[in-house]
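The values are calculated or read from the model by the stated rules, or taken from the named source; none is laboratory data. Here the structure is a predicted model, which means the values were calculated and not measured. All Cβ positions, even for glycine, are placed from backbone atoms using ideal geometry, and neighbour counts span all protein chains on display. All accessible areas refer to the heavy atoms of the entire protein, side chains included, with ligands and DNA or RNA removed. Shrake-Rupley method; radii C 1.70, N 1.55, O 1.52, S 1.80 Å.
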Amino acid sequence: MENAVQEIVAKQVLTVAKAVEDKLDEEIHALDRLDLDDLEVLRERRLQQMKKMAEKRNRWISLGHGEYSEIQAEKDFFSVVKASDRVVCHFYRENWPCKVMDKHLSILAKQHIETRFVKINAEKAPYLAEKLRIVVLPTLALVKNAKVDNYLVGFDELGGTDEFNTEELEERLAKADVIIFEGESSKFLSKSKAKAQSNKSVRQSSNPDSSDSE
């Protein structure tokens, strides 16, 4: 009798265990299906993003992005700035400061394919120079959506010397939103913010009565 009871209990335990196992298997399979669906959605979204980026990159290259080139005719300036969303145009003449700027822009043109980098001889573009009020050379006209949005005149914003590095120019262009920082390039902006915060802390420590409202 006791053996029969134990056998019944054992069967019930097995039945419950099997039911629990089946339920768990069903939930696991459901989760697996959900994960696969999610992964497939993410994969498809990523593929679409990559496709759009490749198309955009090809278009940029066809427009001359990725290279630092010269605009030969004054009238071509307008077609260049209309074709690209972001353009950095160096107004130059044959002097040492402009050659320094050329060196840095040649590097950035390869690093920031999202932006068109060009130069034009200011002495051969009198209409543009007058229209855009170009006086000091070098001057960078920073163009967004076919409109000159900002200027970088000479080296005053780059330490006032021709010994500035490419990263300093890159940071200035990024602040004007004429280039896009991606990945590790953003370290230059972070470094700038950290420096500003450090300077602020030094000023506050040297003047305990100072406040942000001053």
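Keeping every protein chain in place, order Ser84, Ser106 by accessible area at 1.4 Å, biggest value first, i.e. largest first.
Ser106, Ser84
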Round to the nearest 10 and report in Å² the accessible area of Arg45, as given by a 1.4 Å probe over the protein chains' heavy atoms. 130
Output the peptides 73-83, 113-123, 53-63, 131-141 sorted from most to least packed, where packing is the average of other Cβ atoms within 10 Å over each peptide's residues. 113-123, 131-141, 73-83, 53-63
Dipole moment magnitude, nearest 20 debye, region 29-158 about Cα centre, only Lys, Arg, Asp, Glu C-beta charged: 320
Among beta bridges that DSSP assigns inside region 31-176, antiparallel share in %, nearest 5: 55
Given a 1.4 Å probe and the protein chains all in place, what does the accessible area of Tyr151 round to, in Å² to the nearest 10? 80
Using a 1.4 Å probe on the protein heavy atoms only, what accessible surface does Glu167 show? Give it in Å² to the nearest 10. 70
Extended-chain gain in nm, criterion 0.36 nm per residue less alpha-carbon gap, Asn58 and Ala83: 7.6 nm
Take the residue pairs Lys119/Lys147; Lys124/Lys144; Lys119/Lys144; Lys75/Lys110; Lys56/Lys124 and return only those whose Cα atoms are more than 21 Å apart. Lys124/Lys144; Lys75/Lys110; Lys56/Lys124
